[in-house]
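Written below as structure tokens is the structure these notes are about.
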Amino acid sequence: MAQLLKVQNFTVSADGYGAGEGQGLERPFGHAHPRDLMRWAMATASFPGPRSGEGTCGLDDHLVRGYAHGIGAEIMGRKQVRAAARTVDRPRVAGWWGDEPPFRTPVFVLTHHPRPSFTLGETTFHFVGGSPAEVAEQARAAAGGLDVRLGGGAHSIRAFLDAGLVDELHVAVAPLELGAGSRLWTAPEELDDRYHREVVPSPSGVVHHLLWRR
């Protein structure tokens, strides 16, 4: 079975933004509040955290539950993770997940300033340059035959889309507008020439867009 490069559970606003302006370590979604964008996922029984198992079931939960299935490597943009020195010889990753990254796979961080790889918990971070095609090839080689997830942000996903490398996408559209920030699309219809697309509204208020190559 061929390895897929896929986007899973990526959430954008109704006007297509995956994050607002002013992104940083303390504000990973910029001026957007993460609960406003990710409320649909956070409310499910399968969302990791203290309330895991106590939330909603149904379509949203099914999509959250399948997030890690069959994934052998991850690609993400540099704004998703920041490296800093804890001590001279002990590197640290700072991100929205804190000191326990949830990925548990090799993670390839897109950057113009490559640096040595390091491992935190069960996750190894590789800071890589190169074209989307070159990075995708590195991630596939590290994935052990499993699929590769393209984790964001929106600009990184768009670069891989424009390079014709993404096989499948699941994008959840939340019922709010951000007006500015990191934008995935102006409208999902702009991908209809390259992807089949099915649209599935959820009782939570988000609309799931499921896309696969034509």
Among (1) out of contact with any strand residue (DSSP E or B) (no Cβ under 8 Å at 6 or more places or on another chain); (2) of a type in the set (Ser, Thr, Tyr); (3) buried (at least 20 other Cβ atoms within 10 Å of the Cβ), where does Ser156 come up short?
-> (1)
Scan the stretch 82-93 and give yes if some residue there is surrounded by 15 or more Cβ atoms within 10 Å (Cβ to Cβ) and modelled with pLDDT of 80 or more, otherwise no.
-> no
Counting only residues that are at pLDDT below 90 and within 16 Å of the chain's Cα centre (by Cα), how many does the stretch 1-23 have?
-> 1
Counting only strands (runs of 3 or more DSSP E) wholly inside the stretch 113-183, the ones holding at least 1 residues that are modelled with pLDDT of 95 or more and under 18 Å from the mean Cα position of the chain (by Cα) are 147-150, 168-173
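The values are calculated or read from the model by the stated rules, or taken from the named source; none is laboratory data. Bear in mind that the values here come from a model prediction, so they are computed numbers and not experimental data. Neighbour counts are summed over all protein chains in view; Cβ atoms, including those assigned to glycine, are modelled from backbone coordinates with ideal geometry.
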